[in-house]
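Enquirer: Once you've had a glance at the structure underneath, I'll fire off some questions.
The values are calculated or read from the model by the stated rules, or taken from the named source; none is laboratory data. What you see is a predicted model, and the numbers here were worked out from it, not measured in a lab. Using ideal geometry, Cβ is built from the backbone for each residue, glycine included, and neighbour counts are taken over all protein chains shown. The accessibility values were calculated without ligands, DNA or RNA, using every heavy atom of the protein model including side chains. Shrake-Rupley method; radii C 1.70, N 1.55, O 1.52, S 1.80 Å.
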Amino acid sequence: MSDLARTPRGWLLMLAIGLIALNMRGPLVAVAPVVAQMRDDLGFTPVELGFLTGIPVLCFALAAPLASLAGRKLGPEFAITLTLLGVLLGVVVRSAGGGALVMLGTVILGVAITIGNIVVPLIIRRDFTPARQGAAMGTYTAALNIGSFLTSVVSAPLAELLGWRVAIAASGLFALAAAAVWAIAVGWRAFIPAAVPVADPRPAGKLTSRWITAALTFAFAGQAFSYYGLTAWLPSLLADELGMAPAAAGAGSSLFQILAIVGGLGVPLAARFASTTAVGLALGLLWLTVPVGLLLAPELWWLWCSFGGVAQGGGITLIFLAVIRLARDQTSAARMSAVVQGTGYSFGAVAPTLLGYVHGVSGAWTGPLLMILCSVVAFILGTALSLRRVPKG
């Protein structure tokens with residue numbers, strides 16, 4: 001393992017990771033503020049709009065094995081280049097034509113970003129020592145949320161000035177910037193495929209590794225179900241329960257997104273002073289305040305959304321850190337990451353539909369919130385079973 005973080009190129013690599021992360025959620029979020037204009041222009045039905053927003057998470061789940069294979073056979077540097085080129089191609093195709101091209105571009109985006117989801121943690125594992133992996137992973141997950149926030153803020157005004165096509169294509173500028181810095185940071189390796197060496201064949205700890213992978217998968221499934229369920233329905237819940245106007249409810253729920261930056265950057269710092277198990281438990285308790293608080297004291301929604309934002313940003317950081325620190329080698333890390341993310345995002349993909357169905361049948365938000373409560377418990381149990389093996393720091 002090299003420690004590039006001590007060198008100028010290491011800081012450039014850290015910057016590249018942050019710029020790459022801006023592309024990993026921002027282009028997907030760009031659709032939400034302009035969905036009404038897209039509906040009017042393209043004639044999308046509500047079902048088609050729901051499918052459009054669900055495509056990326058389905059890709060995260062279904063394309064994870066392919067992304068892991070790409071990282072191993074093509075090498076992480078070239079795989080990231082494919083990610084950025086795929087993002088650029090996806091946003092261009094998505095904004096260039098009718099409904100079919102919008103769907104096709106979204107699929108391209110989903111598959112390209114899935115490769116990045118798998119490969120970026122592998123680069124962090126390989127090129128940073130354990131003492132600096134936390135900072136690199138925190139930078140990555142914080143930038144995921146920064147990209148989402150910036151895109152969601154800019155898309156609506158840009159659409160009013162230049163139209164929705166320009167608004168959703170503008171996120172391609174992030175891809176161009178990231179590609180330029182990435183090429184400088186890693187040099188010629190960004191353009192030439194290079195397979196990762198075969199994994200260490202030692203059988204030691206194989207059974208233990210399977211149990212750890214299963215526990216991390218359980219934790220990430222709970223995290224993803226809670227996150228995507230709340231992201232989809234929190235504005236509606238606030239409007240129904242508190243009578244908030246749609247704009248105010250949407251702005252209020254943005255607390256849940258923006259405070260993820262605090263969790264992403266704070267978890268690596270906390271892990272320097274406490275065990276990862278203790279950090280995981282603290283995040284679990286913060287997560288619990290969201291369903292419990294919204295059930296018992298919805299008028300304090302701003303507090304529960306703030307706690308939940310810190311928890312969701314910190315939760316994904318902690319799980320990814322566990323994957324890269326517990327895996328035996330790069331190939332094992334790729335496979336573990338593919339299993340954890342592929343299965344976890346499958347639960348995230350069904351969360352909005354399932355919660356919406358329960359709400360529609362019951363006419364209340366109690367059932368959906370209880371389901372989120374159960375998924376948070378899954379996060380707590382999964383992290384408790386797996387994180388005790390992660391070294392502090």
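Enquirer: Given the condition within 19 Å of Gly348 (Cα to Cα), β-branched (Val, Ile, Thr), at pLDDT below 85 and surrounded by fewer than 22 Cβ atoms within 10 Å (Cβ to Cβ), answer yes or no: does some residue in region 32-45 qualify? Don't jump to the end; show me each part of the working.
Expert: Step one: list which residues in region 32-45 are within 19 Å of Gly348 (Cα to Cα), which gives 32.
Narrowing the set further to residues that are β-branched (Val, Ile, Thr) leaves none.
No, region 32-45 has no match at all.
Enquirer: Look at region 207-235 and say how many of its residues are open to solvent by 60 Å² or more (accessible area, probe 1.4 Å), within 21 Å of Ile118 (Cα to Cα) and at pLDDT below 90.
Expert: The number of residues fulfilling the criteria is 2.
Enquirer: Is it fair to say Ala221 is without any contact (Cβ under 8 Å) to a residue 60 or more places away in the chain and among the small types (Gly, Ala, Ser)?
Expert: Criteria not met by Ala221.
Quick grid of which residues meet (1) in contact (Cβ under 8 Å) with a residue 12 or more places away in the chain; (2) in contact with a His (Cβ under 8 Å, 6 or more places away or on another chain); (3) open to solvent by 40 Å² or more (accessible area, probe 1.4 Å); (4) closer than 23 Å to Leu58 by Cα:
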position: Gly342; (1), (2), (3), (4): yes, no, no, yes
position: Thr353; (1), (2), (3), (4): yes, no, yes, yes
position: Thr366; (1), (2), (3), (4): yes, no, yes, no
position: Ser375; (1), (2), (3), (4): yes, no, no, yes
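Enquirer: Could you tell me which of the residues Thr289, Thr276 is open to solvent by less than 40 Å² (accessible area, probe 1.4 Å) and either on the phi > 0 side of the Ramachandran plot or free of Cβ contacts under 8 Å to residues at least 40 places away in the same chain (or both)?
Expert: Thr289
Enquirer: Residues of region 160-191 being open to solvent by 40 Å² or more (accessible area, probe 1.4 Å) and touching an Asp or Glu at 6+ places or on another chain (Cβ under 8 Å), which ones?
Expert: Passing the criteria: only Arg189.
Enquirer: Looking only at region 48-62, decide whether some residue is of a type in the set (Ser, Thr, Tyr), crowded, with 20+ Cβ neighbours inside 10 Å, out of contact with any strand residue (DSSP E or B) (no Cβ under 6 Å at 6 or more places or on another chain) and over 17 Å from Gln341 (Cα atoms). Can you show your working first?
Expert: Of all residues in region 48-62, those of a type in the set (Ser, Thr, Tyr) come to 53.
From what is left, the residues that are crowded, with 20+ Cβ neighbours inside 10 Å are none.
Taking every residue of region 48-62 in turn, none turns out to be of a type in the set (Ser, Thr, Tyr), crowded, with 20+ Cβ neighbours inside 10 Å, out of contact with any strand residue (DSSP E or B) (no Cβ under 6 Å at 6 or more places or on another chain) and over 17 Å from Gln341 (Cα atoms).
Enquirer: Right, Val91: under 30 Å from Leu326 (Cβ atoms), within 21 Å of the chain's Cα centre (by Cα) and of a type in the set (A, V, I, L, M) or not?
Expert: Here the answer is no, as Val91 does not meet what is asked.
Enquirer: Please pick out the residue among Gly75, Gly71, Gly90 that is more than 29 Å from Leu42 (Cβ to Cβ) and surrounded by 24 or more Cβ atoms within 10 Å (Cβ to Cβ).
Expert: Going through Gly75, Gly71, Gly90 in turn, just one is more than 29 Å from Leu42 (Cβ to Cβ) and surrounded by 24 or more Cβ atoms within 10 Å (Cβ to Cβ): Gly71.
Enquirer: Okay, moving on. Only one of (1) more than 17 Å from Gly222 (Cβ to Cβ); (2) out of contact with any Gly (no Cβ under 6 Å at 6 or more places or on another chain); (3) not charged (D, E, K, R) is not met by Gly344, so which one is it?
Expert: (1)
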